[in-house]
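Worksheet: one structure, shown below.
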Amino acid sequence: KETKDYATSIHGVSRQLGSSVAAECWDCHGFHGILPVKDPASLVYKMNLPFTCGKCHNNPGLTKEYRIQYPNAAKQFVDSIHGQALLKMGLIVAPSCSDCHGVHDIKPAMYPASPVNHANVAKTCGKCHVGIEKIYDQSIHGQRLASGDKNAPVCTTCHTAHQIVDPAAVNGFKEAMDERCGSCHPSYYEHYKETYHGKAMVLGQPNKAPAVAACFDCHGNHDITAPAPAMLGV
């Protein structure tokens, strides 16, 4: 089964197309010193995966040659809230690379079957964030996604893919979120910047003054709904 899964993965297909550097079995599992996945010394043990995957995904030459979308993904993960929870705090329940991307059958995000495909992101994150997925599905964003809108925001739109941070602990999160909301709602964002709240956010000290109102303070975060049913199509 693992061999068949690998053959259809991005790594296996790249090999079939002639790539001599795409990951093969021993690149992840090792050669003569292969250990069970649950052995802490194994290259594919959950806490070691970011560094095993990082051998390629932190390699500037490879990421540039193959035009990998996130050339610093492994390093970014280590510094993220997920990486810190896993590697610094030892919380083995925190996600590692394979929890989001799969194991032997890793597919590019553009593939509909990929767990990190835009349409599947909420379900993938929902495996750990129990209840949040259901709330998101009922929101205006979730409804848009379910209707087939490929531009509907998903978890990674707001939280990013590999640089996920703790909203309450990171300076500048509010201001960054306003900008992200504004990337989809430019006219509202321009009006917001002219308001007292918008000026306080830009000219004041939003990092030290969490009372400054950001978009999600009024609209919510995962549970955003339209002001009125008639606006669902706006």
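A few comments on the model shown:
- Counting lysine pairs in the stretch 83-234 that sit 8 or more residues apart in sequence, or on different chains, and whose Cα atoms lie under 20 Å apart gives 11.
- Here the accessible area of the stretch 107-160 is 61 percent carbon and sulfur, with a 1.4 angstrom probe and all protein chains present.
- For the chain, the solvent-accessible area works out to 64 Å² per residue, with a probe of 1.4 Å and every protein chain left in place.
- Per DSSP, loop chymotrypsin sites (Phe, Trp or Tyr not before Pro) in the stretch 27-130 with at most 13 further Cβ within 10 Å: Phe31
- Computed over the chain, the ratio Rg/Rh where both radii use C-alpha atoms and Rh is Kirkwood: 1.02
- With all projection directions averaged, the alpha carbon convex hull of the stretch 44-122 covers 5.4 nm².
- Basic side chains Lys and Arg get +1 at the Cβ, acidic Asp and Glu get -1 at the Cβ, and with that the dipole of the chain about its Cα centre reaches some 280 debye.
- Cα-Cα P(r), the stretch 93-184, percent of pairs per 10 Å interval: 15, 46, 35, 5
The values are calculated or read from the model by the stated rules, or taken from the named source; none is laboratory data. Quick caveat, the model's predicted, so the values are computed rather than measured. Glycine gets a Cβ as well: all are built from the backbone with ideal geometry, and neighbour counts include every protein chain shown. Surface areas here come from the heavy atoms of the whole protein model, side chains and all, with no ligands, DNA or RNA. Shrake-Rupley method; radii C 1.70, N 1.55, O 1.52, S 1.80 Å.
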